[in-house]
Every structure is written in C-alpha cells, then in structure tokens.
Amino acid sequence: MVDESPGAHREELLREVARFFGWTRLGPDIRDALTSDVDELVAKATVREADGFLMPADGD
C-alpha cells in the first residue's frame, strides 16, 4: 500500500489496510497489530518515515 500511495500518514495507512481486509473499524487490537507491522517495516528499512509520512525506502 505504501508503494501505491507514497507519502501516506501512518494513520491513513492503517485505515487503508483495515479497509483492504474488509474491517469497518480500527479497534485497539487491530491498530496495535498493524502499528507493530509498520514499525517492523521501518526498522528493517523496507519503509521509511519522514516528517510524519511513510514511503518506500528506495523512493523519494
């Protein structure tokens, strides 16, 4: 999803991923799981976060 819409805010990305899976709400369990996944992608340098935006690590 980050590749398709680079420069997404973290909250926007979480909502889009939830919608992709058909979830109509972003409860605490889902939010925690998705946040953990995003944090892992950032830690592995697959995704980078700058100025509140998430983007592909190899894109500008």
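Tabulated values for the structure
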quantity	calculated
Among (1) of a type in the set (A, V, I, L, M); (2) more than 11 Å from the chain's Cα centre (by Cα); (3) surrounded by 14 or more Cβ atoms within 10 Å (Cβ to Cβ) - the single one VAL42 does not satisfy	(2)
Candidate set from the stretch 27-60 (those that are in contact with a helix residue (DSSP H, G or I) (Cβ under 8 Å, 6 or more places away or on another chain) and within 19 Å of GLU4 (Cβ to Cβ)); member that is modelled with the lowest pLDDT	GLY52
The stretch 22-33 - residue that is assigned to a helix (DSSP H, G or I) and in contact with a Leu (Cβ under 9 Å, 6 or more places away or on another chain) and, of those, nearest to LEU54 (Cα to Cα)	ARG31
From the options ARG19, ARG48, residue that is out of contact with any Leu (no Cβ under 7 Å at 6 or more places or on another chain), surrounded by 11 or more Cβ atoms within 10 Å (Cβ to Cβ) and assigned to a strand (DSSP E or B)	ARG48
Candidates ASP37, ASP3 - the one that is in a helix (DSSP H, G or I) and either of a type outside the set (Gly, Ala, Ser) or in contact (Cβ under 8 Å) with a residue 60 or more places away in the chain (or both)	ASP37
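The values are calculated or read from the model by the stated rules, or taken from the named source; none is laboratory data. In this text the structure is predicted, and so the values were computed from the model without any measurement. Methodologically, a virtual Cβ is constructed for each residue, glycine included, from the backbone with ideal geometry; neighbour enumeration extends over all protein chains shown.
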